[in-house]
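The values are calculated or read from the model by the stated rules, or taken from the named source; none is laboratory data. All of these numbers come straight from a predicted model, not from anything done at the bench. Methodologically, a virtual Cβ is constructed for each residue, glycine included, from the backbone with ideal geometry; neighbour enumeration extends over all protein chains shown.
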Amino acid sequence: MTLKTLSSYNPRRSPRQRRSAATVDVILEATIQVLLSTGTSQLTTTRVAERAGVSVGSLYQYFPNKQALFFALNDHYLDHLAGRIEKVCETLQGAPYTQMVQGVISEYINIKTERYDVTCALYRAAAEIDVSDIVESMCRRIEVASEGMLASASDAKFQNLSSLNVTLLNVLFGTVRTFFDRNRPELLNNQLQEQLIIMFCTYLNRAKLP
């Protein structure tokens, strides 16, 4: 499809009050349920409104079309993902770097697999719209949090920390995404986490300053 401008995906209005925010949450959850049952091609705002138990008019107050729903879903999901990784990085400030690696890898995979089918559905929805801006925002937030965490490691300082950090995170993001693209949930297990931890720790060990 031809990509629309970012403003085409933005909600018509922001949910300022608690009741409005709750309505948006219900609509987004209904969008997920319709995505899981019908796929992106059969999803319509009418079906989402029916599943959410709201009128189509109420839905249109926030989302003018299904692309706006897809965009909001991904925005909400990526914001949640970045927030959880930021919290882990904050918690692990000053820890040994091996503990930092274990914490970030474990949390990232946990987030992606908590609702495996939902993550798959969101990847499919993302293919319908341009989400590069919100993906970049998520990556930047995680990069900043992770770099700050590694800089505080109690047992090492690293050469070229910024590029080192970005490289490792892209390995993590790409590896996990590949298993979703292949639809191999059984491979997203403790063994994968262990292998990634070994890889990351080996790389960091080589990059330690004397």
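Miscellaneous remarks
- Applying the set (1) modelled with pLDDT of 90 or more; (2) surrounded by fewer than 20 Cβ atoms within 10 Å (Cβ to Cβ) to Thr31 leaves exactly one unmet item: (2).
- Tally of residues being in a helix (DSSP H, G or I) and not hydrophobic (A, V, I, L, M, F, W, C) across region 46-76: 12
- Lone unmet requirement of (1) part of a loop (DSSP other than H, G, I, E, B); (2) surrounded by fewer than 20 Cβ atoms within 10 Å (Cβ to Cβ) for Leu43: (2)
- Helices (runs of 4 or more DSSP H) completely within region 87-152 that count 1 or more residues being crowded, with 17+ Cβ neighbours inside 10 Å and without any contact (Cβ under 8 Å) to a residue 24 or more places away in the chain: 97-114, 132-151
For (1) touching a His at 6+ places or on another chain (Cβ under 9 Å); (2) of a type in the set (A, V, I, L, M, F, W, C); (3) at pLDDT 95 or above; (4) not assigned by TED's automatic domain parsing to the domain that holds Ile85, each residue gets a yes or a no:
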residue	(1), (2), (3), (4)
Tyr108	no, no, yes, no
Thr119	no, no, no, no
Tyr123	no, no, no, no
Glu143	no, no, yes, no
Ser152	no, no, yes, no
Leu172	no, yes, yes, no
Arg177	no, no, no, no
Asp181	no, no, no, no
Leu187	no, yes, no, no
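- So Phe158, is it surrounded by 15 or more Cβ atoms within 10 Å (Cβ to Cβ) and modelled with pLDDT under 95: no
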